[in-house]
Amino acid sequence: MTNAVREIHFPKTHHFWMDAGLIGFYELAEQEHPEQWDVSIYLNDTGVTLKGAEDNLQALLEHVYKVLLDRYYNTSSEQQRADNAGFYYDTAQDTFVRFPKVKTRGIAAFIFDKAPRPTKDAVRYAGKGILPPEYADLQERFDAFLQENNLKVGEVKNLLIDGPNAHQPQVLVLQKKILSPKKKATSEGSCFICGHEAHALTDIGSTVFPLITGKDGILSFNSTCGNPTKVCWKCDYIGKFVPISGFYATSDGTCHMYFPYSPSLVKMHEVFRPLEAIKAPDPNYFRNFNQDLGGYFQKPYEMFLSFLYSVYRRALSSKDPAEQGDEDPGFNFTKFYQITTACAPLEYVVMYTEPLGKTQMAKMVWPFKRSVYIFRLLDRLERQGLQIREVMRELVDFEQDKNKYKTLMRNRVCERILNQQSIVDLVDQHVFHVNKSKMQYIKSLHDFTIAYEKILNQERRPMHQKLIDAAVSLGKTIGMSVAPSGKKGKGDLFRLRKARKVEDFLNEVNRIQIKYGALVTSDLYNKGEAFGENFAEFKQFCMIAALNTFNGKNREPENGGAPDQSNR
């Protein structure tokens, strides 16, 4: 190494994973005050550039990487900190020191999930809890230390010396002096990730990009493929910083990861701090962001909508979360514009993994580009007084025995919402299923479905909104008529829902008119061709409204004669 001033440029690769790592490295390096190393660092849309003396650059890279490992890879849960079950012998202080055990979690675990290794040194026990001959004089003190702290050696075979265990994914820049190549150094080849020529390459593996297998995996599938592809030291280094800018939530072994991404690196930097507003410390590291819709989310689409809702409530609001009302989150259009579309569009890359043995298998990688639509939709719905949290609760099927089945329908509904698709058929199926053997409140879900479908069809099929109004009006009339008959009237609702043809549906409506004296307006019969073409949707809106009105009327005695809310 020399004191010659040089520049190191980490390029933007336009790959969501590597660019997430690049912005994570920049933000962490800035926080660590690079001026203390006489290193300048600056960012533009081409990448991140560092300038300084070679030895200073090396020292800064090593320091930033150590901070990364301490904060994101070597994490201890609340229980691990309470147990404080690890220990090592400090030769300088001549004492035994306790430390909490560590584990990688979330995105860091997806990158590197191997066992922790000694940070300094270790000696093998002569037997279980018996120190080797060179440390035999410490045996009595060692036994007393274990007894006083109620610790056990367990299955551990080595005594740690001068430092704890830690997760230490290796990077080429810390192993070799590659910042100052020889004068006649030639390129070892092109990097598989960024495509640039490099004088120092290393084997590609999951610690660079988890969806790429390593050298052993490549050769095991095709032993005659020649030399596996390699990556440059820059991509090898940057790939470890992804956990800084990413968001994650874990549930029953699955992991949901979200990465804000933009074609502009400057834009990614500008939104980094505003989006940090939704992050929240979790003592057990199950997630790293607030879930304002509640904590009972486990499937990929419902979890992602929960994440977007937290962004909407926390990053796009002019109010502090504690000051927000359910009907007035204080949506800030200026923040919304600056985060979503100013300078360059912002999208979110969704990654979902499930456990497969001891590894995580990626099941979905989805570049989501409709965040502007979702945020405007949430604002529009909440301005109408709808409580999204209550809607999500009513979509849970509490009748299911196993938790993994309770939100299957909600996940399907959220998938439709995220893809700007109709949900009325799923809601119709759900509300009649959960009300089959009991009466479950569906008022919020009823209002949400109608409002959502009207917004969805506002530009696509403006005339369709009149059909929705006619169907809802008919449903309320039918529900009001059959409600006094209790279970018998509910049975007639289920019978009406079973009608598969227009003629059968109209006959059932006529039967209810005669039986209960329902007053059905002529609008139903005047819709003609439009009614026939949209019969399935018409019936679904009608039945949801009828069941909601029926439930509302039959809940009045339970509520001490509270006014009926179903028709407001």
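Each label point is 7 Å from the Cα along the Cα-to-Cβ direction; what then is the distance between the points at Lys369 and Lys402, in nm?
Inter-label distance under the simple model: 3.7 nm.
Using the 2.2 N^0.38 Å rule of thumb for compact globular proteins, work out how the stretch 17-99 stacks up: its C-alpha Rg over that value, please.
1.48
Based on the Cα coordinates of the stretch 240-382, what is the per residue volume of their convex hull in Å³? Numbers along the way, then the final one.
On the way: hull volume 16.8 nm³, N = 143.
Hull volume over Cα atoms, normalised by residue count, gives 118 Å³.
Kirkwood Rh, the stretch 1-145, all Cα pairs: how many Å? Walk me through the numbers before you get to the answer.
Values: mean 1/r = 0.0534 Å⁻¹.
Computed over the stretch 1-145, the radius equals 18.7 Å.
Using 1/(1 + (r/R0)^6) with R0 = 25 angstrom and r between the beta carbons of Lys128 and Asp94, what's the FRET efficiency to the nearest 0.05? Walk me through the numbers on the way to the answer.
Values: r = 24 Å, r/R0 = 0.96.
After rounding, the FRET efficiency stands at 0.55.
Using a Förster distance of 25 Å, how high is the FRET efficiency between Arg376 and Glu503, based on the Cβ-Cβ distance and rounded to 0.05? Numbers along the way, then the final one.
On the way: r = 41 Å, r/R0 = 1.65.
Given R0 = 25 Å and the Cβ-Cβ separation, E is 0.05.
Can you give me the distance in nm between label points at Tyr296 and Leu519, each placed 7 Å from the Cα along the Cα-to-Cβ direction?
My value for the distance between the label points is 4.0 nm.
Once you have all Cα-Cα distances for the stretch 60-111, histogram them in 10 Å bins from zero and send the whole-percent values.
Bin by bin from 0 Å, the calculated values are 23, 36, 35, 6.
Semi-axes of the stretch 408-505's equivalent ellipsoid from the Cα gyration tensor, sqrt of 5 times each eigenvalue, largest first, rounded to whole Å?
Working: eigenvalues 119, 62, 31 Å².
So the three semi-axes of the stretch 408-505 are 24, 18, 12 Å.
Counting Lys and Arg as +1 and Asp and Glu as -1, what is the net charge of the other residues whose Cβ lies under 13 Å from the Cβ of Asn435?
On the way: positive: Lys436, Lys438, Lys443, Lys487, Lys490, Arg497, Arg555; negative: Glu394, Asp397, Glu399, Asp428.
In short, +3.
Over 16 Å apart: what share of the alpha carbon pairs of the stretch 67-166 falls there, rounded to a whole percent?
59 percent
For the stretch 329-396, what is the Kirkwood hydrodynamic radius in Å, using each pair of distinct C-alpha atoms?
Working: mean 1/r = 0.0676 Å⁻¹.
Evaluated over the stretch 329-396, this radius sits at 14.8 Å.
Bin width 20 Å, alpha-carbon pairs only: give the P(r) of the chain as whole percents, running from 0 to the bin holding the largest distance.
17, 39, 28, 13, 2
Please report Rg (one decimal) and Dmax (integer) in Å for the Cα set of the stretch 423-478.
12.4, 39
Explain nothing, just compute: Karplus ³J(HN,Hα) = 6.51 cos²θ - 1.76 cosθ + 1.60, θ = phi - 60°, for every residue of the stretch 411-417 in order, whole Hz, x for Gly and Pro.
Values, residue by residue: 5, 5, 5, 5, 4, 5, 4 Hz.
Compute the distance in nm between two label points, each set 7 Å from the Cα along the Cα-to-Cβ direction, one at Glu148 and one at Asp113.
For the pair Glu148/Asp113, the computed spacing is 3.9 nm.
Once the convex hull of the C-alpha atoms of the stretch 296-452 is built, how many Å³ does it hold per residue, rounded to a whole number?
On the way: hull volume 21.1 nm³, N = 157.
Residue-normalised Cα hull volume stands at 135 Å³.
Pop the C-beta distance of Lys319 and Ala136 into the FRET formula with R0 = 51 Å and round what comes out to the nearest 0.05.
Working: r = 66 Å, r/R0 = 1.29.
For R0 = 51 Å, the calculated efficiency reads 0.20.
Coordinate-derived values only; no laboratory data. As the structure is a prediction and not an experimental result, all values here were calculated from the model. Because the Cβ atoms are built from the backbone with ideal geometry, glycine has one as well, and the counts that use them run over all protein chains shown.
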